[in-house]
Amino acid sequence: MANQDQIVFFDTTLRDGEQSPGCTMHPAEKLRMAHQLAALGVDILEAGFAIASLGDAESIRQIARDVRGPRITSLARCKREDIEAAARSIEPAEKSRIHVFIATSDLHLEAKLRITRAEALVQAAESVRLARSYADDIEFSAEDATRSDIDFLTEIVTIAVQAGATTINLPDTVGYTTPAEYTALFRTIHTRVPGMENVILSTHCHNDLGMAVANSLAGIEGGARQVECTINGIGERAGNAALEEIAAALMVRRDKFPYNSNIVMNQLFPTSQMLSECISFGCSPNKAVVGANAFAHESGIHQHGMLANPLTYEIMTPASVGVPSTNLVLGKHSGRRVLEQRLAELGHPLTRAQLDEVYHRFTDLTDRKKSIYDQDLIGLLQPDKSVATTA
Ligand code: KIV
Ligand code: ZN
């Protein structure tokens, strides 16, 4: 019987994440990330797609050999050579899984695989059985599940469970679904497929319409207990559901999602930072949870509220997700209180009259300059000597 109180985190940064433009990593970077993902507490670590290249297979093998904690998995199509390559690559792992997938929408079956539904059923059953001969823990994914005929999806999932799949994943491969629709999909599959009490249902959401995290949470509402996601939401096209956003949502909205997980919350920011170092871009400043502005406040009203009580404008503390501290940014929207506080921190407590004068000079400067640094503030105390740093 699957534990209904626990959300299993399946990280696919090194597979679905890595296969997107600008995200390629060298084996040493993948190994470094894998150790960090273990420290973060992910339960399943998808280390790559073994059949894709010899380099990918060797990288999965190295992770399987060195990294302890998470269950290590490799992706495989419903093909013998894929499953055998996956099995070889995860062989040194302490705990392993083989992840097999086949497309189930008519569009993919006809245009991409050029096979009939009946052929897909046979391939799914044979592949899960073959995978089961190498490992006890098998995940079956119905690619493009959210655009598949529900009766056929029910049939193929039933066959995969009978063949020995222990996790069933219903991917929203092209980020097409909506939260209510995705909840209903999980409820339908859970009700219709026999033997689901021993199987974990999984979400796998892409972000084409910006709903990957909302849809993942909706999947949980529908009965999913595994979420597939990536650090910083990297992944094909607009990316995958961001691990840090799902973990933070579960923490902040425990009233709605009363579940446990093994995620070590204060490792979220360090993991995000490490990934940005390994790939060719960081996340946008306004990225939820880990972006540079996620805990930054510039407007006077917000800064005033923050100084009075951080709960006014922050729904979680920066420390709870590993971010060093809240950042009260000085800019053209800032008020005199935060200016007074920053100058006091810099060793310049001001009288009310001095503050009035300095604040006047400060607003004049912010009209001319976008970024205000500490040296600019100190310059404001001695206006004749002030030389503003470049914006
Ligand atoms: O998006 C998708 O459908 C996938 C599967 C291979 C799990 O990444
Ligand atoms: Zn995907």
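The values are calculated or read from the model by the stated rules, or taken from the named source; none is laboratory data. Treat the numbers as computed from the prediction; the structure is a model and nothing was measured. For neighbour counting, all protein chains shown are included, and Cβ atoms are generated from backbone atoms with ideal geometry for every residue, glycine included.
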**OP:** Take the range 1-45 and flag every residue that is among the basic types (K, R) and either within 15 Å of ligand 1 (Cβ to nearest atom) or within 17 Å of T166 (Cα to Cα) (or both).
**Re:** R15
Original post:
So which of T146, T183, T173 is away from ligand 1 (no atom under 13 Å from the Cβ) and on the phi < 0 side of the Ramachandran plot?
Top reply: T183
Subject >> Scan of the range 176-213 for residues that are crowded, with 20+ Cβ neighbours inside 10 Å, out of contact with any Phe, Trp or Tyr (no Cβ under 7 Å at 6 or more places or on another chain) and not in a loop (DSSP other than H, G, I, E, B), ordered by number >> reply: Y182, T183, L185, F186, I189, I200, T203, H204, C205, H206, A212, V213
Original post:
Looking at the range 237-266, which of its residues are assigned to a loop (DSSP other than H, G, I, E, B), within 16 Å of ligand 2 (Cβ to nearest atom) and crowded, with 18+ Cβ neighbours inside 10 Å?
Top reply: G239, A241
Original post:
Condition test on D208, is it without any contact (Cβ under 8 Å) to a residue 40 or more places away in the chain, farther than 19 Å from R77 by Cα and within 15 Å of ligand 2 (Cβ to nearest atom)?
Top reply: yes
Original post:
Which residues, taken from the range 319-338, are modelled with pLDDT under 95 and not small (G, A, S)?
Top reply: V323, P324, T326, N327, L328, V329, L330, K332, H333, R336, R337, V338
**OP:** Grab the helices (runs of 4 or more DSSP H) fully contained in the range 297-391, keeping just those with 2 or more residues being among the basic types (K, R).
**Re:** 336-345, 352-368
Original post:
When the range 292-315 is examined, which residues are found to be surrounded by fewer than 18 Cβ atoms within 10 Å (Cβ to Cβ) and within 21 Å of I246 (Cβ to Cβ)?
Top reply: A292, N293, E314, I315
Subject >> Set L201, L209: member being within 14 Å of ligand 1 (Cβ to nearest atom) and aliphatic (A, V, I, L, M) >> reply: L201
**OP:** Please name all residue pairs, on different chains or six or more residues apart, with Cβ atoms under 7 Å, provided the first residue is in the range 64-85 and is under 12 Å from D11 (Cα atoms) and the second residue is hydroxyl-bearing (S, T, Y) and part of a helix (DSSP H, G or I).
**Re:** S74/S89
Original post:
Among the residues of the range 164-172, is any over 28 Å from the mean Cα position of the chain (by Cα), away from ligand 2 (no atom under 16 Å from the Cβ) and not in a strand (DSSP E or B)?
Top reply: yes
**OP:** Identify all residues within the range 148-183 that are farther than 18 Å from A2 by Cα, among the β-branched types (V, I, T) and touching a Ser or Thr at 6+ places or on another chain (Cβ under 9 Å); write none if there are none.
**Re:** I150, T154, I156, T173, V174, T177
Original post:
Which one is farthest from E298 (Cα to Cα) among residues in the range 334-382 that are in contact (Cβ under 8 Å) with a residue 40 or more places away in the chain and of a type in the set (A, V, I, L, M)?
Top reply: L377
**OP:** For I220, indicate whether it is β-branched (V, I, T) and farther than 16 Å from Q6 by Cβ.
**Re:** no
Subject >> Positions within the range 131-163 being in contact (Cβ under 8 Å) with a residue 40 or more places away in the chain and outside any loop (DSSP other than H, G, I, E, B), in sequence order >> reply: A131, I138, E139, F140, S141, A142, E143, A145, R147, F152, L153, I156
Original post:
Can you name the residue in the range 214-236 that is within 10 Å of the chain's Cα centre (by Cα) and within 14 Å of ligand 2 (Cβ to nearest atom) and, of all such residues, is surrounded by the fewest Cβ atoms within 10 Å (Cβ to Cβ)?
Top reply: I234
Original post:
If we scan the range 332-341, do we find a residue that is under 30 Å from E221 (Cα atoms) and crowded, with 16+ Cβ neighbours inside 10 Å?
Top reply: no
**OP:** Mind listing just one residue for me: the one in the range 103-143 that is polar (S, T, N, Q) and under 17 Å from T177 (Cα atoms) and, of those, nearest to ligand 1 (Cβ to nearest atom)?
**Re:** S141
